[in-house]
Amino acid sequence: MRLTIIGCSGSFPGPDSPASCYLVEAEGFRLLIDLGSGALSSVQRYADLYEIDAVCLSHLHADHCLDVCDYSVARTFHPDGPKPRIPVYGPSQAAVRLGRALAADPAAQDGRPGGGPGHGITDAFSFATITPGVMEIGPLRVTAALMNHPVETFGFRLEHAGRSLAYSADTGQTGALVELARDAEVLLCEASFAPADDAAAAALPEGLHLTARQAGQHAARAGVGQLVLTHLVPWNDKNRTLEEAGQAFGGPLALASPGLGFVLD
Ligand SMILES: [Zn+2]
């Protein structure tokens with residue numbers, strides 16, 4: 001299993017990275033985890049757009065899913081003809097919400113403008129609704145668990161050939177992430193908040209995002225082999241994010257960056 005960071009900018013694309021997107025490959029199967037704003041551009045540096053086998057969306061915030069709309073255009077209107085549908089695994093309402101984002105007709109319910117010409121999101125993708133539990137996606141065993149975020153959001157654990165990788169998606173503090181990531185070799189964990197001091201930390205909203213220190217605490221409690229901090233918001237100081245996570249997690253630690261790869265073989 002190989003993980004490649006495509007985009008790791010939190011909440012909106014940054015100058016050096018698209019929003020959230022991760023490529024996971026195993027046995028030639030290629031899965032995109034999230035496809036946030038700007039990510040479709042960078043995906044093409046690491047994979048042929050038409051050799052992606054499936055997409056898995058953690059939640060429907062724009063910075064995690066919106067480039068699915070552009071990807072539908074790329075698949076539907078290729079000069080050689082429409083590409084075969086591929087599965088998109090996502091929260092409930094993914095097809096409707098992304099369909100509305102794509103369609104010119106705001107009345108469209110399934111992404112297909114009512115009665116008129118045009119194309120819908122389901123021309124390019126077959127949608128499958130994620131529920132908590134285990135899914136088989138190609139050769140990957142994917143466990144989904146609900147995280148602590150204002151909208152329905154799934155963290156994922158991906159396993160292949162005895163190796164394991166966990167992804168927090170967006171979340172506030174939750175024991176569900178600790179359980180999901182238990183003993184994983186790599187935890188890709190969000191670290192969105194960077195409070196200036198303890199008073200600012202105490203005033204942060206709950207159930208939204210983690211600080212780097214909290215990411216480190218979750219990684220330590222889960223006993224992961226390595227922590228990779230992601231969802232790095234452009235206005236934060238990355239060095240400080242790394243330092244604060246290191247105060248709570250004593251194992252190998254890295255900041256996500258586009259192109260960074262991890263081989264779990
Ligand atoms: Zn979010």
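The values are calculated or read from the model by the stated rules, or taken from the named source; none is laboratory data. Predicted model, so just to flag it, every value in this text is computed and none were measured. With ideal geometry, Cβ positions are generated from the backbone for all residues, glycine too; neighbour counts draw on all protein chains shown.
Figures for the structure shown
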| quantity | calculated |
| --- | --- |
| Total residues in region 47-58, condition over 23 Å from LEU208 (Cβ atoms) and either within 16 Å of the ligand (Cβ to nearest atom) or of a type in the set (Ser, Thr, Tyr) (or both) | 1 |
| Check on SER41, in contact with a strand residue (DSSP E or B) (Cβ under 7 Å, 6 or more places away or on another chain) and on the phi < 0 side of the Ramachandran plot | no |
| Members of region 59-101 found to be small (Gly, Ala, Ser) and within 15 Å of the ligand (Cβ to nearest atom), listed by number | ALA62, GLY90, ALA94 |
| Test result for ALA196, part of a loop (DSSP other than H, G, I, E, B) and either of a type in the set (Asp, Glu) or modelled with pLDDT of 95 or more (or both) | no |
| Whichever residue in region 159-173 is closer than 19 Å to GLY10 by Cα and outside any strand (DSSP E or B) and, among such residues, is farthest from the ligand (Cβ to nearest atom) | GLN173 |
| Selection count where residues are assigned to a helix (DSSP H, G or I), free of Cβ contacts under 8 Å to residues at least 60 places away in the same chain and away from the ligand (no atom under 16 Å from the Cβ), scope region 17-46 | 4 |
| Qualifying residue in region 199-207 (condition: modelled with pLDDT of 95 or more and aliphatic (A, V, I, L, M)) | no |
| Unique residue being touching a residue at least 12 places away in the same chain (Cβ under 8 Å), within 16 Å of the ligand (Cβ to nearest atom) and aliphatic (A, V, I, L, M) when the list is VAL233, VAL228, VAL178 | VAL233 |
| Selection status of VAL55, touching a strand residue (DSSP E or B) at 6+ places or on another chain (Cβ under 7 Å) and part of a helix (DSSP H, G or I) | no |
| In region 109-140, the residues that are in a loop (DSSP other than H, G, I, E, B), at positive phi and modelled with pLDDT of 60 or more | GLY118, GLY138 |
| Restricting region 203-242 to residues that are of a type outside the set (A, V, I, L, M) and part of a strand (DSSP E or B), the residue that is nearest to ALA166 (Cα to Cα) | GLN226 |
| The lone exception for LEU3 - which of (1) out of contact with any Asp or Glu (no Cβ under 9 Å at 6 or more places or on another chain); (2) touching a residue at least 60 places away in the same chain (Cβ under 8 Å); (3) away from the ligand (no atom under 16 Å from the Cβ) it fails | (1) |
